[in-house]
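The values are calculated or read from the model by the stated rules, or taken from the named source; none is laboratory data. All values derive from a computational prediction rather than experimental measurement. Ideal geometry is used to build each Cβ from the backbone, glycine not excepted, and the neighbour counts take in all protein chains shown. Surface areas here come from the heavy atoms of the whole protein model, side chains and all, with no ligands, DNA or RNA. Shrake-Rupley method; radii C 1.70, N 1.55, O 1.52, S 1.80 Å.
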Amino acid sequence: MTDDTASAQAMTDEWYPVGLISQLDKTGRQTALMGEPIVVAHDADGQALVTGHNGRRLPVKLRYGHVWSSLGTPKKDIFAIPEADQPGRRFVDVGVVRVRCSPLRAVENFLDIAHFPFVHTDVLGAEPHTEVLNYTAEIRPDVDEVWATEVKFYQPQASKSASGGITTEYMYRVPAPTCSVLYKTCPPRPTEWDVITLFVQPLAEDLCDVWPWMALFDDETAMTDLIHFQQMIFLQDRSILENQVPRLLPLDPGMEIPTRADLTSIAYRRWLKRHNYTYGAQLVAR
Amino acid sequence: MVMVQDKTDEIQQRMTILGELDIASFLPWIHRHAAKLGLGQTVAHADDARIELDLRGPEALIDMMEIGCLLGPIDVWVETIARAPCNAQFPNAKTTV
Ligand SMILES: [Fe+2]
């Protein structure tokens, strides 16, 4: 389970976000993917182009507002988000937040609701409503994804469009090692879910660019306000993430005492372990 | 009014762990984690596919034991964990909390 080459290869062959489609230009964005310097640009014909070390051409796909690439040979397409094709939704490219933490830590933090009242105080959570009610978290074998459902939490201001406190219901999905999709109660349309994603670009094992993206039913709020609201949330997370010890995500919980409130994190880490997705992980507790 | 936690809060449960278990690394790990939680513990059976672990302590802490074991050490894959009441003898059961 811990063979080094197998483990390196497993994550190398995945797709990662490397920039916004809307920001592609001829000069290119100088960035990195898992330690390798890359350039994300478009060519003379306007085609997206990702170039790795020594000018080698890397695979490219355009999806969900972002340019995706891989250092290896992806065996699967980028995961599907059916809501991205649903009419009436607004798609929001939030932009990038650089965080000095493991890409896996960034995803784990996104999956954790227990921090809401303490980190996003009076926005996504508030005291005394700090209790995490029981929910379900599992690795779904049919789709090979992590899913957490029936996650309920009291939120003073669940979204930019929310006008007062509501109990919000969440579903979380992890379809790729550094990507998560959050489905959240949609106040204007009770039968639909708002979609907020976290696409994480692993720059190094302890450094990442976080690219949130949203597909919302919200015709009222100005685009800049939607972006600012989400950026504020992620900047609050950044200060927590950059202070976590150890930097890498432990796949052995031996130094912690996880509880049932951490069930999504446990399911995520079991899934990472099962697939040898260990770039950014710490294998032995210390 | 002061809430006093005493032995009446304690329950006994048998935890059945199934998976690809490397017991050479998992059993010491289990021992440490249960000790950290202050649980009484007796291993009733252990092979590389199944561990039967008898635990005694407050239910909330036994629950944390289950959550920790679900992930376990890196060379262990836990498929499922089941819990059931049991009447095991605990030679080293804690008498104070
Ligand atoms: Fe957060």
Probe 1.4 Å, all protein chains present, accessible-area order of A:T191, A:T167, largest first: A:T191, A:T167
Principal axis lengths of the stretch A:155-254 from Cα atoms, whole Å, largest first? 42, 26, 23
Using the Cα gyration tensor of the protein assembly as shown, with a ≥ b ≥ c the square roots of its eigenvalues, what is the shape: rounded (a/c below 1.5), prolate (a/b larger than b/c) or oblate (neither)? oblate
Summing +1 for each Lys or Arg and -1 for each Asp or Glu, what net charge is found among the other residues whose Cβ lies under 15 Å from the Cβ of A:F79? -2
R0 = 45 Å: FRET efficiency of A:K75 with B:Q89, Cβ-based, nearest 0.05? 0.30
State whether the stretch A:1-90 is rounded, prolate or oblate according to the following rule on the C-alpha gyration tensor (a ≥ b ≥ c being the square roots of its eigenvalues): a/c under 1.5 gives rounded; otherwise a/b larger than b/c gives prolate, and the remaining case gives oblate. oblate
Just to verify a number: what accessible area does A:T197 come out at with the full protein assembly present, 1.4 Å probe, Å² rounded to tens? 0 Å²
Which value in nm describes the separation of the simple spin-label points at A:T136 and A:Q244, placed 7 Å from the Cα toward the beta carbon? 2.6 nm
Full extension from A:R98 to A:D144: what is 0.36 nm times the residue separation minus their Cα-Cα distance, to one decimal in nm? 13.7 nm
Using amide H atoms built 1.01 Å from N in the peptide plane, name the residues 5+ places from A:D252, or on other chains, whose amide H lies under 5 Å from its own. A:A285
Separation between Cα centres of the stretch A:153-226 and the stretch A:76-118, rounded to whole Å: 7 Å
From the phi angles alone, apply the Karplus equation (6.51, -1.76, 1.60; θ = phi - 60°) to the stretch A:114-130 and give each ³J(HN,Hα) in whole Hz, x where the residue is Gly or Pro. 5, 7, 3, x, 9, 9, 10, 4, 6, 10, 8, x, 7, 6, x, 7, 9
Take the alpha-carbon centre of the stretch A:240-286, take the same for the stretch A:7-70, and report the distance between them in whole Å. 28 Å
Within chain A, which complete DSSP H helices have Cα atoms spanning at least 15 Å along the helix axis and a mean Kyte-Doolittle hydropathy of 0.0 or higher? A:223-241
What distance in nm separates the two pseudo spin-label positions at B:A44 and B:T16, each 7 Å out from Cα along the beta-carbon direction? 1.0 nm
Using 1/(1 + (r/R0)^6) with R0 = 41 angstrom and r between the beta carbons of A:H53 and A:I166, what's the FRET efficiency to the nearest 0.05? 0.25
Probe 1.4 Å, all protein chains in place: accessible area of B:D75 in Å², nearest 10? 70 Å²
7 Å from Cα along Cα→Cβ at both A:T259 and A:R90: what's the point-to-point distance in nm? 3.8 nm
Considering only chain A, percent of DSSP beta bridges that pair antiparallel, nearest 5: 95 percent
